[in-house]
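What follows is one structure encoded as C-alpha cells, with my remarks underneath.
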Amino acid sequence: MIDITPMTFPIIVLANFRTGSSALAIHLARKYDLVCYSEPFHNENLGLFDQHKINFISTSINGNNRFVVKFMPSQISGFNNYEQMLNQPGFKIRLNRTNKIEQIVSLYVAEKRDKFFKLHDEEKEKYTLKIDKTFLYRMSNVILRNDFLLRTLPYSYDLDLTYEDLGFIENTDHVLSDQPENIEEIREEVRRILQLKWEYIEKNLNKKRERDCSLPLS
C-alpha cells in the first residue's frame, strides 16, 4: 500500500468509478481518525436527504475539516458543494485506473448485480452475467466521460494515483469482488467497444485513404 501523508485536511478524493476509491477513503479515515463520506450527493433523488448527506452538509457548514470525502467528477454540480471544496484548502487526490477494459468490466458487473463491493467475511460466489451490449456501451461512456473530466477540470492535486498504484489497501474490510465465470466474454466485448474510440476510427479512415490513393488509375 502506497504511503499517503496529507499536509492538511479535509482529504478530497476525486476519482473515476471502480478505482478502489471507497477502500482508499476508508483506509485514510481510519489511519487519521477522520469521518468518511462516500459520494454524499450520489442519490438521484435530489429531494432525498438521508442521514449520510445530512451529516456531510452539517460538517461542511460547521467548518469541520476532519473528514475524507470521495466523489466522481461527473457528480459535480450546482446541487452540491464539490466545486467549492475543490477550490478551497485541502489535500486533494486524483484517482483513476490504467486498465480501461478491467475498469469498464468492473463497473458493468457491479451495476448489473447492484453490488459494488465485497467484505472480507462474505462467501465466494459463482455466477454468470448475460452480456447486455447496450448497457456495456453506457458503462464504457461513463468511464471515458469521467476520464475526460479528470484530465480537464481546472484543479490542482496534491497526489495523482491510479488503482494500480494502490496495491493491497490495509485497514479496510473491502476485498476484491468475485468475478463472473464468463468474465473473458465480457472483456472481449469491451475490447470491441473500445475499438469504436475516435482515435481508432481516425486511424482506420487514414489507412483506407492511403490504400485508395495507392490504387492504380484505370
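The values are calculated or read from the model by the stated rules, or taken from the named source; none is laboratory data. Remember, predicted model here, so these are calculated numbers, not experimental data. Neighbour counts run over all protein chains shown; Cβ positions are idealised from the backbone, glycine included.
Numbers below:
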read-out: Members of segment 5-36 found to be among the hydroxyl-bearing types (Ser, Thr, Tyr) and out of contact with any His (no Cβ under 7 Å at 6 or more places or on another chain), listed by number; value: THR5, THR8, THR19, SER21, TYR32
read-out: Which listed residue, of THR172, THR134, THR162, is β-branched (Val, Ile, Thr) and within 17 Å of the chain's Cα centre (by Cα); value: THR162
read-out: Among (1) modelled with pLDDT under 95; (2) in contact with a Ser or Thr (Cβ under 6 Å, 6 or more places away or on another chain) - the single one ARG97 does not satisfy; value: (1)
read-out: Test: HIS52 is out of contact with any Pro (no Cβ under 7 Å at 6 or more places or on another chain), farther than 22 Å from ARG151 by Cα and not basic (Lys, Arg); value: no
read-out: Identity of the residue in segment 83-101, assigned to a helix (DSSP H, G or I) and touching a residue at least 12 places away in the same chain (Cβ under 8 Å), that ends up farthest from ASP160 (Cα to Cα); value: ILE101
read-out: Tabulated pairs, segment 131-143, first closer than 16 Å to ARG97 by Cβ, second among the charged types (D, E, K, R), C-beta under 7 angstrom, 6+ apart or interchain; value: MET139/GLU111; ILE143/LYS100
read-out: Among (1) at pLDDT 85 or above; (2) out of contact with any Phe, Trp or Tyr (no Cβ under 7 Å at 6 or more places or on another chain); (3) more than 17 Å from THR98 (Cα to Cα); (4) not basic (Lys, Arg), the one test that ASN171 misses; value: (1)
read-out: Index of the failed condition, ASN80 passing every other in (1) closer than 21 Å to PHE116 by Cα; (2) surrounded by 16 or more Cβ atoms within 10 Å (Cβ to Cβ); (3) over 17 Å from the mean Cα position of the chain (by Cα); (4) not aliphatic (A, V, I, L, M); value: (1)
read-out: Extreme residue, surrounded by the most Cβ atoms within 10 Å (Cβ to Cβ), among residues of segment 151-181 that are among the polar types (S, T, N, Q) and in contact (Cβ under 8 Å) with a residue 12 or more places away in the chain; value: THR172
read-out: Strands (runs of 3 or more DSSP E) lying entirely in segment 1-71 (those with 1 or more residues that are over 17 Å from the mean Cα position of the chain (by Cα)); value: 35-38, 67-71
read-out: Sole residue being surrounded by fewer than 15 Cβ atoms within 10 Å (Cβ to Cβ), assigned to a helix (DSSP H, G or I) and among the polar types (S, T, N, Q), chosen from THR128, THR134; value: THR134
read-out: Selection status of VAL109, surrounded by 15 or more Cβ atoms within 10 Å (Cβ to Cβ) and under 13 Å from the mean Cα position of the chain (by Cα); value: no
read-out: Scope segment 72-82; condition without any contact (Cβ under 8 Å) to a residue 40 or more places away in the chain, over 13 Å from LEU149 (Cα atoms) and either not small (Gly, Ala, Ser) or not in a loop (DSSP other than H, G, I, E, B) (or both); matching residues; value: PHE79, ASN81
read-out: Meets criteria (surrounded by 16 or more Cβ atoms within 10 Å (Cβ to Cβ), of a type outside the set (A, V, I, L, M) and under 16 Å from the mean Cα position of the chain (by Cα)) for ASN96; value: yes
